[in-house]
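Report on one structure; see the data block that follows.
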Amino acid sequence: MPLQHSSARTWLRTVLLAGIVVLLISLVVAVVLASVLTLGKQEISPKMLKWEDIGTTRNLQEVILGRCYSYVSARHPELGDKDCLKIWESLKHAFIYKNPCNITTEDYQPLMELASHPIPCNKSLFWSKTNDLVHRYTKSNHNFLTLEDTLLGYMTDRVSWCGDPSAPGINYESCPKRSECESNPSSVFWKMASKMFAEAACGVVQVMLNGSIEAGAFRSSSIFGSIEISNLNPDKVSAVQIWLMHDIGGPQSESCSGHSIKRLKGILEERNFKITCEENYRPVQLLQCVNNPDHADCRLCSSNMETP
C-alpha cells in the first residue's frame, strides 16, 4: 500500500508539472504572437504625409483659445458674446483628419460665420509687402484695422495648422506650401478671410504699399491684387487712399506715377472708386524714423501728395 500511495503522488506531481510547463509555453507563445501582431500593425499603419513647410503650431488649441479670449474680453469687450470654444471647434473640424491638399471653402464657412464682426467705416487698412510696418502703425494708431487686427486674423496670425488622414488627425511635423498644392488649409483660410474683410469695408479705405520693391509696389498676384480689390463694394466704399512707403535710406523704386501704381489706379477707376496716392505718408514715416532719427529722410520728413 505505501508503494501505491507513493506512485500516485508521483503521478500527480508529474501531471501538475506538465500542466504548468504547458501553461508557461502557452503564455510565451501568446506573448510572442501579440508582439508579432503589434509589430505587423505598426508596419502597415499609414504614416503622416510629408510636406515642405512647417507643421501645425504646438498647443494650437491653447493658442487659439487664449487669443480669442484676450480679443473678446480685453481688446474688444463689445464682442463678448462670441463663443471661443465653438470658434475653436469649427476651426479644428475644418482640417482635422483631412488631406491638407483637399480643403474647401465649405470647410471654413462655419468658422467665418462664428468669428465675423462689423468693421467700422473709414478704418479698413489693406497692405502688401509692408507687413511689419503696417502692423507697427495699427498698434500705435487704433483708428485703423488690418485683417490681422480683426478677431479672425488676430487668432491665426503667424500660426500654422494642417490635418492628416491618419491618427491623431493633425500633422505637427509638416504642412504643404502653396507651391505643393493650392487648396491647403492656410491658403484657403486667408483667401476667405481676406474676401470677407474686403466685403465688410466701407467709407474711405487705405492701402499701404512698398515703394522700395524693384518689381513694383502693386502686384496682381498678391492677396490685395487678386482678392481684396475685386471684393471692395463701390456702393459702400467712397474712396481708396494709397500710401506708398519707401524704406528709410532705401531705394525709391516707384512713385505715385510709377507703372504698377498706374495699373492699380486703372483697376480702381474701372470700378468707379475715387483714388488718391501719397508717398511716404507722414504719420507712418515718423514711425519709421523712430529707428532712424538722424537720417536725412527723417530730418526732412517730406511727403508728396498726388490726386488723379
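Please specify each residue of region 167-185 satisfying the condition of being touching a Ser or Thr at 6+ places or on another chain (Cβ under 7 Å) and either under 14 Å from residue 223 (Cβ atoms) or open to solvent by less than 30 Å² (accessible area, probe 1.4 Å) (or both).
Hits for region 167-185 are 170, 171, 175, 178.
Of all residues in region 150-205, which are among the hydroxyl-bearing types (Ser, Thr, Tyr), more than 10 Å from the chain's Cα centre (by Cα) and in a helix (DSSP H, G or I)? Walk me through it before giving the result.
Within region 150-205, the first condition is being among the hydroxyl-bearing types (Ser, Thr, Tyr), and the residues that meet it are 150, 154, 156, 160, 166, 172, 174, 179, 183, 186-187, 194.
Subset that is more than 10 Å from the chain's Cα centre (by Cα): 150, 166, 172, 174, 179, 183, 194.
Within region 150-205, 194 is the sole residue that qualifies.
Mind checking which residues of region 103-149 are of a type in the set (S, T, N, Q), touching a residue at least 24 places away in the same chain (Cβ under 8 Å), out of contact with any strand residue (DSSP E or B) (no Cβ under 7 Å at 6 or more places or on another chain) and not in a helix (DSSP H, G or I)?
Listed by number, the residues that qualify are 104, 116, 141.
Show the residue pairs meeting these rules: Cβ distance below 9 Å; 6+ apart or different chains; first residue within region 242-266 and on the phi > 0 side of the Ramachandran plot and modelled with pLDDT under 95; second residue surrounded by 17 or more Cβ atoms within 10 Å (Cβ to Cβ) and in a helix (DSSP H, G or I).
249/297
Got at least one residue in region 276-291 being open to solvent by 50 Å² or more (accessible area, probe 1.4 Å), at pLDDT below 90 and either among the hydroxyl-bearing types (Ser, Thr, Tyr) or part of a loop (DSSP other than H, G, I, E, B) (or both)? Please lay out each step first, then the result.
At the first step, the residues of region 276-291 found to be open to solvent by 50 Å² or more (accessible area, probe 1.4 Å) are 282-283, 286, 290-291.
Still in the running and at pLDDT below 90: 291.
From the residues that got through so far, the ones that are either among the hydroxyl-bearing types (Ser, Thr, Tyr) or part of a loop (DSSP other than H, G, I, E, B) (or both) too are 291.
Checked against the condition, which is being open to solvent by 50 Å² or more (accessible area, probe 1.4 Å), at pLDDT below 90 and either among the hydroxyl-bearing types (Ser, Thr, Tyr) or part of a loop (DSSP other than H, G, I, E, B) (or both), region 276-291 yields at least one hit.
Please indicate, with yes or no, whether at least one residue in region 229-241 is farther than 30 Å from residue 103 by Cβ, assigned to a helix (DSSP H, G or I) and at pLDDT 95 or above.
No, region 229-241 contains no residue that is farther than 30 Å from residue 103 by Cβ, assigned to a helix (DSSP H, G or I) and at pLDDT 95 or above.
For the subset of region 50-99 comprising residues that are in contact with a helix residue (DSSP H, G or I) (Cβ under 7 Å, 6 or more places away or on another chain) and aromatic (Phe, Trp, Tyr), which member is surrounded by the most Cβ atoms within 10 Å (Cβ to Cβ)?
95
Every residue in region 42-59 that is aliphatic (A, V, I, L, M) and at pLDDT 95 or above, please. Spell out how you get there, then give the answer.
Restricting attention to region 42-59, the residues satisfying the condition of being aliphatic (A, V, I, L, M) are 44, 48-49, 54.
Result: 54, single match.
Go through region 70-98 residue by residue and tally those that are part of a loop (DSSP other than H, G, I, E, B) and in contact with a His (Cβ under 9 Å, 6 or more places away or on another chain). Break it down stepwise before answering.
Restricting attention to region 70-98, the residues satisfying the condition of being part of a loop (DSSP other than H, G, I, E, B) are 76, 80-83, 96-98.
Retained after the next criterion (residues that are in contact with a His (Cβ under 9 Å, 6 or more places away or on another chain)): 76, 82.
Looking only at that region, the number is 2.
Go through (1) under 31 Å from the mean Cα position of the chain (by Cα); (2) open to solvent by 50 Å² or more (accessible area, probe 1.4 Å) for residue 245 and report which single condition fails.
Single failed check for residue 245: (2).
Taking the condition out of contact with any Leu (no Cβ under 6 Å at 6 or more places or on another chain) and in contact (Cβ under 8 Å) with a residue 40 or more places away in the chain, does residue 218 pass? Spell out the reasoning first.
Values: out of contact with any Leu (no Cβ under 6 Å at 6 or more places or on another chain): no; in contact (Cβ under 8 Å) with a residue 40 or more places away in the chain: yes.
Criteria not met by residue 218.
Among the residues of region 100-125, how many are open to solvent by less than 50 Å² (accessible area, probe 1.4 Å) and not aromatic (Phe, Trp, Tyr)?
So in region 100-125, the residues open to solvent by less than 50 Å² (accessible area, probe 1.4 Å) come out as 100-101, 103, 107-108, 111-112, 115-117, 119, 124-125.
The next check asks that each one be not aromatic (Phe, Trp, Tyr); those that pass are 100-101, 103, 107, 111-112, 115-117, 119, 124-125.
Result for region 100-125: 12.
The values are calculated or read from the model by the stated rules, or taken from the named source; none is laboratory data. Everything numeric in this text was worked out from a predicted model, so none of it was measured. Methodologically, a virtual Cβ is constructed for each residue, glycine included, from the backbone with ideal geometry; neighbour enumeration extends over all protein chains shown. Quick note on the areas: whole protein, heavy atoms, side chains included, nothing else; ligands and nucleic acids left out. Shrake-Rupley method; radii C 1.70, N 1.55, O 1.52, S 1.80 Å.
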